[in-house]
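Novice: Can you read through this structure? Questions will come right after.
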Amino acid sequence: CPTWQHLTALEYHFASTCIPTSEAWIHHQLPPFVLRMGVACMFVAELAAPFMLLVPVLMVRRVGVVVQAALQIGIVVTGNYNWFNIQTMVLLIPAWEDDNFDDPDSDALLLHRILCWPVRAWDRFWSTYVGRFVAFLASCLFLAWSFTLIFEIKLVDGRELHLSEVCPGGSLTSCAPGMFLQKALTTDFLTVTSTFQTKDVNRLSAAVLSPQAMTAFFSMLGIVCLRYVLSPLVFVRTSTITACFAAIASSCWRVLKCFLIFPFFVMCLLQCESIHRATRSALPLSSAVKPMEHALGSWEATHSYGLFRRMTGVGQVSSRGTKGFGNLPPSVVAVPAVVVEGSDDGNTWHEIDFRYTPGRPNRQPRRTAPHQPRIDWQMWFAALGNYQHNPWFVHLMYKILDGAGPHVETLLDIDTYRWKGREGPRYVRSWLYDYDFTRLDTAWARSIPGVKIINASSPAEHNKWWTRKQVGPYIETVSRDSLEPVIKQQGWPAGATERTKAAQRSVSCKKARKAAGGPLCRAVVAIRRSVDPWQQWSGFSFRSNMSRAVWPGASDLFFLDSNFILLTGPLLAVYAVKLLGIFACRRCCARAQSFHADNDKLKTE
C-alpha cells in the first residue's frame, strides 16, 4: 500500500476509521511531519519492540510493554475498536510481571539449589540500580537503532533551509528551543522516509519465513516447551511423596497444554502464505494440521485478515504534478459512506441517521468502545462495495419501509428518526458519499485541494465536523411493494405476521436438548427482554470547555453512549468494590496486628 510505504497512512486513517471519534478529528489536524513520524514509530513498535517482550531482563520487557501499551492507548483514543486494544493490553501483563524465583530453602534438594543459583544471581544483578539503568539505556538505544535502520529524517528534496524560517531575525541566539521545535514540525522542509523498498521487504519476508529460519525458531520453541514441562520436576523443593506426585501432575498438565497449543500456533503461521508462498513447506507438521485447519475453517479460528492492510479513504488528486507537504502528492481524503433517505411522497426526502456513522456534516463523532454497534460497523464495509455483496442492507431497507418497530428503530438514531412509533416511510433510497473531516486553517490544510477550512474562533463553525461530496446512488428509490418479492426470494420473513412468527421462534426454548439448555435458554431470553427498554435510549450530550484548554480547536460538545455506560458502569462498580475490600482488609489486618502486639506486651509484662 503506497500510504504505508510513504508513511502517509495517518493522514487518512483518523477520518477513515470504521467509527471515528471526536479525538480523531483533533489528531487529523496535526502537521504531516508529526503524522508521518507517528507511522514510523508504529512500525518500530510493531516490528522491533515485540522482541523486547522475550528478553529475560525485567526492565527490558517493561520498556517493551510501555511501547506496546502506548500504541494501544493511542488507538483507543482515536478509534472505536470495542475491546480489541484492551485485550491486547491484558495480554501484556505476563511480560510486565517479575519471574519471582524464590531463594531455595536450606532443606531443598541439592539439584534445586544448584539450578536456582545462576537464575537468582542473574535476577539480582538486573534488579540493582546499575542493572536497571543499563537495561533501560540498552532498550532505548535498541529502539533508536531500529528507527535509524528503517527510516531517515532529511530535508525535502530540492529544498534549502533558511534560518529565518525557523528563527525570527535569522539568528540562533534569538530562537528559543520551543519555537525552533514548533517551526521544525510545522514548516515544509523536514520529512521522514523509509529506507526499505518493496524488494527489501520481500527479501526480509523470504528470509524470516525460510525453512532454515523456521527450523531454528521451532527448535527454540521446543526447548522452551521442554523447559516449561520439566521445570516442576527439576525445581521440586522437597523429596516428599506428596511433592513428587504434585510435580508429576503439573508436568503432565503442561504437556497437554503444549500439545494443544502447538497445532494452533502452526495454523496461525500458515496464514503467512499470503506474504510468502513457501511458508507451508517451511513449517513443521503443516500437513498434519491441515485436517484441523479445514475442520475449524467455518469458525474463522485463524485467517490472514488485517484491518487497514490497504488504507481506505484515499482520494484522487486532480492533477499529477500537484505536490503537498514533504514533496509528496497531497493527502486528499475521500472516505466512502452510505446515507439512507426516506420520503412519504417521493419529493421531500429526509436523512435516516444511524447512531454512530458520520451522517450529517454537523453531527459530532461519537464514542462507543468497548461496545461494538454491529450495524454501524457493517455500514462501513457496505460503502466499500455495493449492495449486491451486502444483501443484509436490502433487508434493512425493507424493514424500514415495513415499519418494523422498536427492533429496527433501535438500530437507528432514535433522536432524529422522523417515523418513530408509526409506519415507516413510503419510499427509501441510499446515496454514496465521500467524507472528510473539516480542517483548521493551517499551511498544510491549505495545500490540500478540496478541503473545507473552518475558523476555530467562530462559534458558528464549532459544529462543522464533516465535509462530504455526493458520488452517486447506492440503491435507487424503492418501495415496500417493489422489495417484497426480493425478500421472499431470499427466504426472509415478509410482513408483520411472518416477522412475528420468526421472532417467536428465535426466543423459543423448546429445542434446547441438553439438561441445562432449557433453563439457560430461558435465562438468556429473560435478559434480552429486560434490556429491550434500554435500547430505546441512545445516550446524552453535554458541553464542557475542558478539552479547549489543551487544544483551542477541540469541541466543547460531548456524547456519552448508553451502551458504553452500561458496559463500563458495572466494571467500575466491581473495581470500586474491590478497592473497598482491599481497604477493609488492610484496616482489619492493621487492627489484628495491633491486637496481637498488645496481647504479646501484656504477656511479657
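The values are calculated or read from the model by the stated rules, or taken from the named source; none is laboratory data. Please read all numbers here as calculations on a predicted model, not as lab measurements. In this analysis, Cβ positions are derived from the backbone assuming ideal geometry, glycine residues included, and neighbour counts consider all displayed protein chains. Accessible surface areas use protein heavy atoms only, side chains included; no ligands, DNA or RNA. Shrake-Rupley method; radii C 1.70, N 1.55, O 1.52, S 1.80 Å.
Novice: With every protein chain left in place, what is the accessible area per residue of region 37-102 in square angstrom, probe 1.4 Å? Before the final figure, lay out the partial values.
Specialist: Details: 3360 Å² over 66 residues.
Heavy-atom accessible area per residue stands at 51 Å².
Novice: Please list, in order, the residues from region 423-446 whose amide nitrogen is less than 16 Å from a point placed 7 Å along the Cα→Cβ vector of SER457.
Specialist: 440-443
Novice: Would you compute, for the Cα atoms of region 1-95, the largest minus smallest coordinate along each principal axis and list the three values in descending order, in whole Å?
Specialist: Reported extents, whole Å, longest axis first: 40, 28, 21.
Novice: Evaluate the distance, in nm, between pseudo-label points positioned 7 Å from the Cα of VAL134 and of GLU97 along their respective Cα→Cβ axes.
Specialist: Result: 2.8 nm between the two label points.
Novice: Something else about it: What full-extension length gain, to one decimal in nm, is calculated for ARG422 and VAL525 as 0.36 nm per residue of separation minus the Cα-Cα distance? Numbers along the way, then the final one.
Specialist: Numbers: separation 103, 0.36 × 103 = 37.08 nm, distance 2.61 nm.
Stretched fully, the ARG422-VAL525 segment lengthens by 34.5 nm.
Novice: If I model a spin label as a point 7 Å beyond the Cα along the Cα-Cβ vector, how far apart are those points for THR497 and ARG309 in nm?
Specialist: Inter-label distance under the simple model: 4.8 nm.
Novice: Using 0.36 nm per residue, how much length does the chain from GLU46 to ASP200 gain when fully extended, once their Cα-Cα distance is taken away? Don't jump to the answer; show the numbers that get you there.
Specialist: Details: separation 154, 0.36 × 154 = 55.44 nm, distance 1.75 nm.
Roughly 53.7 nm would be gained on extension.
Novice: Of all the C-alpha pairs in region 371-480, what % are more than 24 Å from each other?
Specialist: 43 percent
Novice: Further, regarding this structure: Take the alpha carbon atoms of region 364-432, find their radius of gyration, then divide it by 2.2 N^0.38 Å using N residues; give the quotient.
Specialist: 1.17
Novice: Something else: Just grab the label-to-label distance for VAL90 and LEU579, each label 7 Å out from Cα along the Cβ direction, in nm (one decimal).
Specialist: 2.1 nm
Novice: To continue, here is another question. May I ask you to derive the relative contact order of region 377-524, considering only C-alpha pairs under 8 Å and at least 6 residues apart, and to give it as an integer percent? Walk me through the numbers before you get to the answer.
Specialist: Details: 139 pairs, mean separation 31.9, N = 148.
The value is 22 percent.
Novice: Follow-up. Given R₀ = 51 Å, what would the calculated FRET efficiency be for SER479 paired with THR242, taking r from the Cβ atoms and rounding to 0.05? Show your work: numbers first, answer last.
Specialist: Numbers: r = 78 Å, r/R0 = 1.52.
That pair, SER479 with THR242, gives E of 0.05.
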